[in-house]
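A.B. asks: Handing you a structure now.
The values are calculated or read from the model by the stated rules, or taken from the named source; none is laboratory data. What you are looking at is a predicted structure, and each value in this text was computed from that prediction instead of being measured. Here the Cβ is made from the backbone with ideal geometry for all residues, glycine too, and neighbour counts use every protein chain on show.
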Amino acid sequence: MAWIRFSSGRDVRNNRFSLEVQVLTSEDFTSETFQCYSGDYIIQSAVCDGINDCKDFADEDECPPCVHVADPVCSPLLPYGETIFPHLLAGSSEEASEIVSNSSSMISGCHPDVHLLFCSVFFPDCPHTGPVQRPCRSFCKNVTNSCRANYENMTSSPWPINCNGYDDRLPVGNGLCDGGSGDIFNTEICGTRLATPPRGRIVGGVGASFGDWPWMISLRDSEGDHQCGATLITEKWAITAAHCIGFVSTATLGDLLLSSPTPYHHETTFRTFTHPDYNYITKEHDIALLRFDKPVNFTDYARPACLTTLKNETEAYTRCYVTGWGHLEPDAGEVPDRLQEALTRFITAEQCHNQVGSDFYEALMLCAGYEEGGIDSCQGDSGGPLICEGEDGRWHLRGGHVIRL
């Protein structure tokens, strides 16, 4: 006999619902279930379905999940064993295999490494484990210059690989590089998290671990109280929201708890540079730069985020977080001592217009969150990052302030 306890949120009370119950035997328990970070179990089919079933984001965090490189041609060529689907060029492993097989067989003589280029592009290194190995730009262009004309003549289709998103920094051999596409300040470490492995008023958020978000800054007032967030982008510069300026005087980073400085604690005053077109009423151009009086020494617990260089960001980024020390409840409520994190996703401009109305300016803003609410940023989170995992395995700053839905 088993007892099932029902509970509901305010949004589903007085509404009918149905419940599907599945009983698992001990033999299929491991294969049919997924263990959350908390130790709880959920059904495997609930993983990566867009719903935070675990309540700690474990089931929605690394989505889509890494899978083994199963292609018989590419597997022995690639120095990594896991890839990810779907991505912008292929929706599945089967589709990628078909493209690689059809394309490279027709032009196999144009360059000795054409197979390696196609394999590394259509079976990309999975980004969830950190900086990935991708084609170096020069390697990509060499193969492209040798093979493009032949490919386009034989297939009557444009060459499928764009080399402009790749980089020649941090070569690892065999035409592959570790460099980040958003490392415009040449830090080499932007967007990397080395202190802890990956695993919100961030409303609906959970406590972060030390080192998870090493670019996260707490902006504090003259009394030392946290007021806003900011994001480190170089050893001297950070980005925050313009509406925070005037209320804060110091920046601190390298900490997980507001109340407990770590050995990596860094505190500095700063000069501010607000966007010249910032509108306090409409919140247009709500962005400001901070120039530190005391530069940051990079460590595993204090390092910059990468910037974004993509035009199709809402399509390319599928794994994004908001982080901060803001209020935990919509109506003020508790201010956490521990840094909070919440997994979020982009919302279309149409959906955002429906939620926010005339306060949303599509040319200048984007929306992230959930239409049903419950996971959000709040007072005290302003200026903190909307940070997204890029296909280069690094974390890219996509926003400095999140519209609340």
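A.B. asks: With respect to residue 273, is the statement that it is of a type outside the set (Gly, Ala, Ser), assigned to a strand (DSSP E or B) and over 27 Å from residue 57 (Cα atoms) true? Walk me through how you get there before you give the answer.
C.D. replies: Values: of a type outside the set (Gly, Ala, Ser): yes; assigned to a strand (DSSP E or B): yes; over 27 Å from residue 57 (Cα atoms): yes.
It is true that residue 273 is of a type outside the set (Gly, Ala, Ser), assigned to a strand (DSSP E or B) and over 27 Å from residue 57 (Cα atoms).
A.B. asks: How many of the residues making up segment 124-159 are under 28 Å from residue 319 (Cα atoms) and surrounded by 15 or more Cβ atoms within 10 Å (Cβ to Cβ)?
C.D. replies: 14
A.B. asks: State the number of residues belonging to segment 317-334 that are at pLDDT below 75 and surrounded by 17 or more Cβ atoms within 10 Å (Cβ to Cβ). Don't jump to the end; show me each part of the working.
C.D. replies: Our first condition is that a residue be at pLDDT below 75; within segment 317-334, this holds for 327-334.
Applying the additional criterion that residues be surrounded by 17 or more Cβ atoms within 10 Å (Cβ to Cβ) yields 327-328.
Total meeting the criteria: 2.
A.B. asks: Please determine, by comparing only the residues of segment 387-405 that are touching a Cys at 6+ places or on another chain (Cβ under 6 Å) and either assigned to a loop (DSSP other than H, G, I, E, B) or modelled with pLDDT under 90 (or both), which one is surrounded by the fewest Cβ atoms within 10 Å (Cβ to Cβ).
C.D. replies: Ranking the qualifying residues of segment 387-405, first place goes to 403.
A.B. asks: Oh, and also: State all residues of segment 93-142 that are farther than 30 Å from residue 61 by Cα and of a type in the set (Val, Ile, Thr); if no residue qualifies, say none.
C.D. replies: Answer for segment 93-142, where residues must be farther than 30 Å from residue 61 by Cα and of a type in the set (Val, Ile, Thr): 107, 114.
A.B. asks: Let me ask another. Any residue that is in the same structural domain as residue 146 (by the TED database) and among the β-branched types (Val, Ile, Thr) - is there at least one of those in segment 26-39? Before the answer, list the steps.
C.D. replies: Applying the first criterion (in the same structural domain as residue 146 (by the TED database)) to segment 26-39 yields none.
No; the residues of segment 26-39 include none that is in the same structural domain as residue 146 (by the TED database) and among the β-branched types (Val, Ile, Thr).
A.B. asks: Looking only at segment 193-218, how many residues end up being touching a strand residue (DSSP E or B) at 6+ places or on another chain (Cβ under 8 Å) and modelled with pLDDT of 90 or more?
C.D. replies: First, pick out the residues of segment 193-218 that are touching a strand residue (DSSP E or B) at 6+ places or on another chain (Cβ under 8 Å): 193, 200-208, 212-218.
Now narrow it down to the ones that are modelled with pLDDT of 90 or more: 193, 212-218.
Qualifying residue count, segment 193-218: 8.
A.B. asks: Go through (1) under 17 Å from the mean Cα position of the chain (by Cα); (2) surrounded by 17 or more Cβ atoms within 10 Å (Cβ to Cβ); (3) not small (Gly, Ala, Ser) and name the single condition residue 119 misses.
C.D. replies: For residue 119, the failing item is (1).
A.B. asks: Can you tell me how many residues in segment 242-251 are crowded, with 18+ Cβ neighbours inside 10 Å and in a strand (DSSP E or B)?
C.D. replies: Result for segment 242-251: 1.
A.B. asks: Of everything in segment 225-241, what is in a loop (DSSP other than H, G, I, E, B) and modelled with pLDDT of 95 or more? Give them in sequence order. It would help to see each step written out before you state the result.
C.D. replies: Keep residues of segment 225-241 that are in a loop (DSSP other than H, G, I, E, B), which gives 225, 233-236, 241.
Correct list: 233, 234, 235, 236.
A.B. asks: Looking only at segment 33-54, filter to residues that are of a type in the set (S, T, N, Q) and farther than 18 Å from residue 342 by Cβ; which one of those is surrounded by the fewest Cβ atoms within 10 Å (Cβ to Cβ)?
C.D. replies: Quick first cut of segment 33-54, residues of a type in the set (S, T, N, Q) only: 33, 35, 38, 44-45, 52.
Next, only the ones that are farther than 18 Å from residue 342 by Cβ stay: 33, 35, 44-45.
Values: 33: 16, 35: 13, 44: 13, 45: 11.
This residue is 45.
A.B. asks: State which residue is farthest from residue 297 (Cα to Cα) when the search covers only segment 224-248 and only residues that are out of contact with any Lys or Arg (no Cβ under 7 Å at 6 or more places or on another chain) and among the polar types (S, T, N, Q).
C.D. replies: If we take residues in segment 224-248 being out of contact with any Lys or Arg (no Cβ under 7 Å at 6 or more places or on another chain) and among the polar types (S, T, N, Q), then 240 is farthest from residue 297 (Cα to Cα).
A.B. asks: So which pairs qualify, if the first residue must be in segment 266-278 and more than 10 Å from residue 288 (Cβ to Cβ), the second must be in a loop (DSSP other than H, G, I, E, B) and of a type in the set (Gly, Ala, Ser), the Cβ gap must be under 7 Å, and the two must be at least 6 apart or on different chains?
C.D. replies: Pairs found: 266/254; 269/249.
A.B. asks: May I pose another question? Mind listing whichever residues of segment 142-175 are of a type in the set (A, V, I, L, M, F, W, C) and over 20 Å from residue 123 (Cα atoms)?
C.D. replies: Restricting attention to segment 142-175, the residues satisfying the condition of being of a type in the set (A, V, I, L, M, F, W, C) are 143, 147, 149, 154, 159, 161, 163, 170, 172.
Listed by number, the residues that qualify are 149, 154, 170.
A.B. asks: Also, quick follow-up: Can you run down the residue pairs with Cβ atoms below 7 Å, 6 or more apart or on separate chains, where the first is in segment 249-261 and within 7 Å of residue 218 (Cβ to Cβ) and the partner is in a strand (DSSP E or B) and among the acidic types (Asp, Glu)?
C.D. replies: Pairs that qualify, where the first residue is within 7 Å of residue 218 (Cβ to Cβ) and the partner is in a strand (DSSP E or B) and among the acidic types (Asp, Glu), are 252/267.
A.B. asks: If we keep just the residues of segment 64-108 that are out of contact with any helix residue (DSSP H, G or I) (no Cβ under 9 Å at 6 or more places or on another chain), assigned to a loop (DSSP other than H, G, I, E, B) and more than 12 Å from residue 119 (Cβ to Cβ), which is modelled with the lowest pLDDT?
C.D. replies: 64
The rows are residues; the columns are (1) modelled with pLDDT of 70 or more; (2) in a loop (DSSP other than H, G, I, E, B); (3) of a type in the set (A, V, I, L, M, F, W, C).
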{"position": "8", "(1), (2), (3)": "no, yes, no"}
{"position": "19", "(1), (2), (3)": "no, yes, yes"}
{"position": "31", "(1), (2), (3)": "yes, no, no"}
{"position": "52", "(1), (2), (3)": "yes, yes, no"}
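A.B. asks: Among the aliphatic types (A, V, I, L, M) and not in a helix (DSSP H, G or I): is that true of residue 121 in this structure?
C.D. replies: Working: among the aliphatic types (A, V, I, L, M): yes; not in a helix (DSSP H, G or I): no.
Spelling it out, it is not the case that residue 121 is among the aliphatic types (A, V, I, L, M) and not in a helix (DSSP H, G or I).
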